[in-house]
1. State in Å² the accessible area per residue of the chain; use a 1.4 Å probe, count heavy atoms of protein chains only, and round to the nearest integer.
2. Only helical DSSP H runs with n ≥ 4 go in: add -39500 (n - 2.57) per run for the chain, normalise by residue count and round the 222 nm mean residue ellipticity to 500 deg cm²/dmol.
3. Based on Cβ point charges of +1 for Lys and Arg and -1 for Asp and Glu, what charge dipole magnitude is obtained for the chain about its Cα centre, in debye rounded to the nearest 20?
4. Tell me the relative contact order for segment 327-481 as a rounded percent, counting alpha carbon contacts under 8 Å between residues six or more apart.
5. Averaged across orientations, what area in nm² does the convex hull of the alpha carbons in segment 413-464 project?
6. Order the peptides 453-465, 329-341 from the highest to the lowest mean number of other Cβ atoms within 10 Å of their residues.
7. Could you work out the pair-distance distribution P(r) of segment 346-393 from its alpha-carbon pairs, with 5 angstrom bin width and percents rounded to whole numbers?
8. Once you place label points 7 Å from the Cα toward the Cβ at Asn160 and Val438, how far apart are they in nm?
Amino acid sequence: MNYLPMIIIFPLIMAIIMNLLHGKEKIVKYLTFLIAIILIILPFIGQYGYYYFGGYGVLDGWVSGIAYYYNPLKQVVLVVLAIIVSLVLITGMGEKLKNNMFVTLSLMGFASVAAMVLADDLFNFYVFFEIISIVQVGLLFLSGTEEAYKSGLRYLIMGNIAASLMLLGIAFLLASTGTLNITDMKKYILSDNPMIYGGLLLLVVGLAYGSGLPPFHNVKADIYARAKGFISAILQTYSKFILVGFMLIILKLFNGLPYFSGTHAVLLALGVLAMVFGVVMALLQSDYKKLLSYHAISQAGYVATGLALGTPLGIVAGIFHAINHVIYKSALFLGAYIVSHKKGSDLHKLGGLLPIIPSVAFMVLCAKLAISGVPPFNGFQSKWMLAQAAMQVNMPEIAIIMIIVSIGTFVSMMKAFYLIYLKPVDEETIKEYQSKGVPKLAVFSLFILTSLCIILGIYPEIVTKYLFNYANELGVSYCLK
């Protein structure tokens with residue numbers, strides 16, 4: 001029996017149950033820990049291939065009903081998603097907030113992103129796209145600040161526009177092909193129909209909104225910056241895997257078709273712009289969480305660029321970088337969360353934390369080197385693959401931009417590390433630090449994530465060997481003259 005639907009059904013059911021457990025903190029904490037363990041198991045219980053809901057399947061050559069498609073590439077993505085969500089849930093157990101609502105929204109987010117990765121029909125994909133947008137705003141509101149409420153409202157207003165355009169694009173594709181199933185749609189999308197091209201461009205609007213690419217980069221960075229540190233870790237993870245799920249659908253439908261070339265150029269431009277803009281804005285920040293938030297936008301640009309190249313190597317590099325990014329960026333946000341317990345996130349008010357939390361400083365330094373693309377950490381491996389993919393198609397300028405952006409990332413990260421951990425402070429500040437504790441569960445999660453940065457940096461094939469087969473199916477080899 002195929003238990004693939006449990007990847008979505010289980011977290012949704014548990015989200016409902018957790019929402020009913022008001023005021024029962026002990027039960028919530030124990031149940032949260034159990035759920036965190038089960039989430040990591042879920043990606044291993046499904047069988048590869050297509051799953052058709054409600055007993056439907058292929059009728060008269062058409063797929064009837066909702067369909068999911070599962071393969072090793074998607075399994076790796078879901079495993080990493082489960083690890084990040086589980087660690088964030090465990091970290092949240094030590095936070096004094098409405099744990100049941102935090103867990104409820106996190107589980108709904110996990111189910112939504114997992115469904116978007118698995119979906120083989122556009123309308124099911126769109127439904128969960130809308131759910132994850134609301135979930136992210138709900139998680140943002142848990143911080144309880146006026147700035148968070150304003151940021152969430154802006155995100156919802158822009159989402160109304162972007163999601164409506166995306167739905168219109170899906171309607172164009174349905175009108176042109178007569179189906180919402182992605183596998184079937186691919187068969188009927190070969191004609192040079194203006195509505196199909198319009199539908200593709202409107203899908204790109206939804207992609208940019210969901211993943212934080214331009215022109216939605218500022219509002220996405222703002223929700224990362226306004227949320228609590230450990231919640232920012234889960235928000236940016238959702239965004240990266242929304243980007244992966246969205247791009248897999250676009251590549252499956254359009255990659256290699258003649259009229260995809262224009263959109264292909266648009267996607268590359270969005271990726272490069274996100275890379276450059278994100279790192280420039282990060283260099284200008286004095287708030288540590290805002291700095292990390294703009295770097296999340298910059299790294300999304302790397303992922304989008306690799307996938308937009310559309311070659312097998314580009315697709316593998318893009319997905320591998322998305323996986324690496326959610327690991328080291330979650331570590332960095334957890335590091336910021338730990339630092340905020342000492343003295344907020346204003347870089348000018350911090351300093352001297354190295355002797356206070358040396359183990360945290362070391363792990364954060366590893367994550368900073370990973371995001372900067374320094375060997376032997378995982379960020380180096382995926383950035384190296386991205387540069388190779390760009391050179392393979394005779395786009396050395398993209399590889400050069402990636403290197404320059406990595407240098408900018410290294411500079412801003414080392415500047416932040418100095419201001420937080422190495423800058424001299426007076427004895428009164430040291431005593432203030434010592435009087436405040438450190439969230440131990442966050443340190444545990446940080447250790448796991450830092451270890452993964454090192455392991456995947458030394459043994460990247462642990463992940464990449466599962467990516468190539470599907471990437472070869474979607475990818476198109478070419479070389480610009």
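1. Numbers: 17820 Å² over 481 residues.
Value returned for the chain: 37 Å² of accessible area per residue.
2. Values: 20 runs with 352 residues, N = 481.
It comes out at -24500 deg cm²/dmol, rounded to the nearest 500.
3. Numbers: 30 positive and 20 negative charges, 190 e Å.
About 920 debye.
4. Numbers: 169 pairs, mean separation 61.8, N = 155.
About 40 percent, as a whole number.
5. On the way: hull surface 21.0 nm².
Its Cα hull, projected and averaged over all orientations, spans 5.3 nm².
6. Answer by packing, highest mean first, reads 329-341, 453-465.
7. Whole-percent P(r) values from 0 Å outward: 5, 19, 16, 17, 14, 10, 7, 6, 4, 1.
8. 4.6
The values are calculated or read from the model by the stated rules, or taken from the named source; none is laboratory data. No experiment lies behind these values; they were computed from the predicted model shown. We place every Cβ from the backbone using ideal geometry, glycine too, and count neighbours over all the protein chains shown. Note: accessible area is taken over every heavy atom of the protein model, side chains too, but ligands, DNA and RNA are not part of it. Shrake-Rupley method; radii C 1.70, N 1.55, O 1.52, S 1.80 Å.
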